[in-house]
Amino acid sequence: METTPDDAKDVMRRHRLRPYLSAALLLLLHLPLDAAAGSCKPTEPDALGPFYKPGAPVRASVGKGYVLEGTVRSARDCAPIEGAAVELWLAGPDGGYGDAYRATVIADGKGVYRFESHVPPPYYGRPPHIHLRVSARGFDTLVTQQYPEAGRRNGTFDVVLVPVR
């Protein structure tokens, strides 16, 4: 099969586009799955539990050994929610709840939060977990829980809030 000058131009054009197509593909791969479609699935709520106490101090750490981080986003368009308040509380190493294990973390300009604690213990037949209550102006407040994977010292828990109607 003989190659014509037009075939050669076609090949050159495709090669020039390759870096742009690769960059677009990489961008799509780093978005949340629903972000490519323009919407994010709201995070499922979970039990508040009997140990919630409002007014947790603003601090990013209540111990060492486990880091939880994630991004707070809008269900409308997957946009990060700057300034979202993420209240966290968990059982202490002895299985009891107390003020020493409560914190409020404020999401940064990219909606990112980071919290450090001890590895939550199981208690009364419950698996290890961290409670979260996430609120932001213009969005419904979400109460949920994050369940660390056994043996892991860090976890990622992205949260998607529903806009107020």
Assuming R0 = 25 Å, what is the FRET efficiency of Ala79 and Asp46, from their Cβ-Cβ distance, to the nearest 0.05?
0.55
At q = 0.23 Å⁻¹, what is the base-10 log of I(q)/I(0) for the stretch 35-165 according to the Debye formula with one equal point scatterer per Cα and no solvent? Please give it to two decimals.
-1.44
Using Cβ counts within 10 Å as a stand-in for footprinting exposure, how do Val105, Val119, Val62, Val164 rank, fewest first?
Val164, Val119, Val62, Val105
Extension gain, Lys110 back to Arg126 (0.36 nm per residue minus Cα-Cα distance, nm)
2.5 nm
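Bear in mind these aren't lab numbers, they're just calculated from the coordinates by the rules spelled out. Since the model is a prediction, treat every value here as computed from it, not as a measurement. Neighbour counts run over all protein chains shown; Cβ positions are idealised from the backbone, glycine included.
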